[in-house]
């Protein structure tokens, strides 16, 4: 029973982080057709910035999170403007330049903070006892709650605001949207800022649990791919479902077999999925 | 196989390649500095990695982010056979290539049905799989430290050097001739328009899969050579950094031209070693330089240079 509850909570936390990251990744890809391989680099930078603002500069928590998220969003729009937009004509130039930038950010973090892990102290140092049976760090629950709130806010933004409608319109047909007077450049900038902000927020939220490491982006990128492939690109519900599946699968396998197999389960999922149903669980049938 | 046109074997580009080969062969006669020779050996190995990537990706247009899967597969196969079963290097190198080719077949079958970003994402993920395995089976593979004490390919430095030149000449030569042959032309037609190639009766999947296997074999052979050269194998041969490095070398050289990426491999290996003085900043500058290359010389160094020279000659002539 204890183990069961622990798996339930750990899986939910893991899944919520994956969902936040994968949503951002899907959003840019679906709207602007940019495969942003530097996406999890933003997650890493988010973790380092929260370390800087919260653990080193001792700012208050809300301020530290806000500063990290906003600075990553600004960084991302700058990256879009000066590095991605000049090569947007070719899908794979974008992939090349974003992965080079991810490596650049990794080296930058090593240069500034050194190669060792940086630990961030918990935002709330408390243990909660659930149902009188399991002890869970309040930190993990906070991560879970905040991620869910962010996902709901994202959903409201996309489906309930004017800008959200513009984003959906551009995703459907960029030229038609242009004719309707939608400024697609502004839509792209908004989407990129939001997606980077989500990545930074998930990095900041997870930092007290796993610390900040310069190479934390690469394995996470692999898992985000797994979520995206499983959910089907362009399907928000599919992405959330896939994040839950991958998150729980990983936690269950880590608990029952070994954490190493938990790490590679996502790869197996990708290969199986791509072999049998490349459009993803809920994705539109694509010609693959 | 008949040539597409009646160029003699001594046409311009080939003369250049033969001169380059001659210079490479002469290196140990003039350079006695052990460190420099070791760097050129490394550059020779990287040239094979890059050439084998280019025949797959530059020619068929399928950008693989998992070339380290083949390199590391070959390197680990050779190292394990040599370490535990004392197989001599000339046997393990072929086994390394064979295992990498098998990887190409296993990964290629599901992945090649995909296009564009899906293919890149799948290869990226596939390469992460064995990287994790080296950690799981650390008792066999030595975990993060890897295995030390692999037999050297040849006891003397000169012998090792000439073996590396032989490897480069044979592997890159195969890729070069293959790329310039009729088969290479078919691969290019797949890159330009796969549907049109299919409509012309080309079994595109079979061509892509064969290229995947050949590319895997060559990279595996080079990977196996690498572990016998370093006398060590570690998980860095399977890392995403290596896959990206291979792509970067090709991009800097100019994708899809075979000779360009090979030149890129030499250029960047030497550039990388020259920067050793600034150890702290080395990788930072390196990655920044690559981003700038991608932005300002998207066609690659060699094509840009040769275009420039052609234009200069034209202006002089007319």
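Just to be sure before I move on: is residue A:31 touching a helix residue (DSSP H, G or I) at 6+ places or on another chain (Cβ under 7 Å), farther than 30 Å from residue A:254 by Cα and modelled with pLDDT under 90 in the structure I sent? Before the answer, list the steps.
Numbers: touching a helix residue (DSSP H, G or I) at 6+ places or on another chain (Cβ under 7 Å): yes; farther than 30 Å from residue A:254 by Cα: yes; modelled with pLDDT under 90: yes.
Yes, satisfied.
Scanning the range A:201-235 for residues that are without any contact (Cβ under 8 Å) to a residue 60 or more places away in the chain and crowded, with 22+ Cβ neighbours inside 10 Å returns A:222, A:225, A:226, A:229, A:230, A:232. Annotation note: of A:12, A:47, the sole residue that is crowded, with 24+ Cβ neighbours inside 10 Å and touching a helix residue (DSSP H, G or I) at 6+ places or on another chain (Cβ under 9 Å) is A:47.
Among the residues of the range B:231-289, count how many are away from every other protein chain (no Cβ under 14 Å) and under 30 Å from residue B:83 (Cβ atoms). I'd like the intermediate steps shown before the answer.
Residues of the range B:231-289 that are away from every other protein chain (no Cβ under 14 Å), as a first pass: B:231-234, B:237, B:257-260, B:262-263, B:265-267, B:269-271, B:273-274, B:276-277.
So of that shortlist, the ones also under 30 Å from residue B:83 (Cβ atoms) come out as B:231-234, B:237, B:265, B:269, B:273, B:276.
Here the count works out to 9.
Among the candidates B:145, B:135, B:54, the residue that is part of a helix (DSSP H, G or I) and away from chain A (no Cβ under 13 Å) is uniquely B:54. The residue that is surrounded by the most Cβ atoms within 10 Å (Cβ to Cβ), among those in the range B:105-132 that are facing chain A (nearest Cβ under 8 Å) and outside any helix (DSSP H, G or I), is B:114.
Taking (1) assigned to a loop (DSSP other than H, G, I, E, B); (2) farther than 26 Å from residue A:260 by Cβ; (3) within 13 Å of chain A (Cβ to nearest Cβ) in turn, residue B:87 satisfies each apart from (3). Can you give me the number of residues within the range A:228-280 that are modelled with pLDDT of 80 or more and away from every other protein chain (no Cβ under 11 Å)? Selection size over the range A:228-280: 22. Sub-8 Å Cβ pairs linking a first residue in the range A:157-177 that is under 18 Å from residue A:198 (Cβ atoms) to a second residue that is not in a helix (DSSP H, G or I), at least 6 apart or interchain, are A:171/A:234, ordered by first then second residue. In the range B:60-74, the residue that is surrounded by the most Cβ atoms within 10 Å (Cβ to Cβ) out of those that are closer than 29 Å to residue B:180 by Cβ and away from chain A (no Cβ under 14 Å) is B:70. Residue selection: residue B:157 fails the criterion of being at pLDDT 80 or above, on the phi < 0 side of the Ramachandran plot, crowded, with 19+ Cβ neighbours inside 10 Å and away from chain A (no Cβ under 14 Å). Filtered by the rule that a residue be surrounded by 16 or more Cβ atoms within 10 Å (Cβ to Cβ) and within 8 Å of chain B (Cβ to nearest Cβ), the range A:69-90 gives A:83, A:87. The lone criterion from (1) at pLDDT 85 or above; (2) farther than 17 Å from residue A:148 by Cα; (3) within 14 Å of chain B (Cβ to nearest Cβ) left unmet by residue A:22 is number (2). Test residue B:151 against the stated conditions and say whether it is assigned to a helix (DSSP H, G or I), touching a residue at least 12 places away in the same chain (Cβ under 8 Å) and on the phi < 0 side of the Ramachandran plot. So residue B:151 fails the test. In summary, residue A:164 fulfils each of the numbered conditions (1) touching a helix residue (DSSP H, G or I) at 6+ places or on another chain (Cβ under 8 Å); (2) modelled with pLDDT of 90 or more; (3) surrounded by fewer than 19 Cβ atoms within 10 Å (Cβ to Cβ); (4) closer than 29 Å to residue A:10 by Cα with the single exception of condition (4).
Flag set for residue B:304, criterion: assigned to a helix (DSSP H, G or I), closer than 23 Å to residue A:97 by Cα and more than 14 Å from every other protein chain (Cβ to nearest Cβ).
Looking at the range A:93-103, which of its residues are at the interface with chain B (Cβ under 8 Å from one of its Cβ atoms) and either surrounded by fewer than 21 Cβ atoms within 10 Å (Cβ to Cβ) or in contact (Cβ under 8 Å) with a residue 60 or more places away in the chain (or both)? I'd like the intermediate steps shown before the answer.
If we filter the range A:93-103 for residues that are at the interface with chain B (Cβ under 8 Å from one of its Cβ atoms), which is where we start, we get A:93, A:95-97, A:99-101, A:103.
Passing the criteria: A:93, A:95, A:99, A:101.
Against the test of being in contact with a helix residue (DSSP H, G or I) (Cβ under 7 Å, 6 or more places away or on another chain), within 14 Å of another protein chain (Cβ to nearest Cβ), at negative phi and surrounded by 23 or more Cβ atoms within 10 Å (Cβ to Cβ), the options A:37, A:108 yield a single qualifying residue, A:37.
The values are calculated or read from the model by the stated rules, or taken from the named source; none is laboratory data. Predicted model, so just to flag it, every value in this text is computed and none were measured. Heads up, the Cβs are rebuilt from the backbone with ideal geometry, glycines too, and the neighbour counts pull from every protein chain shown.
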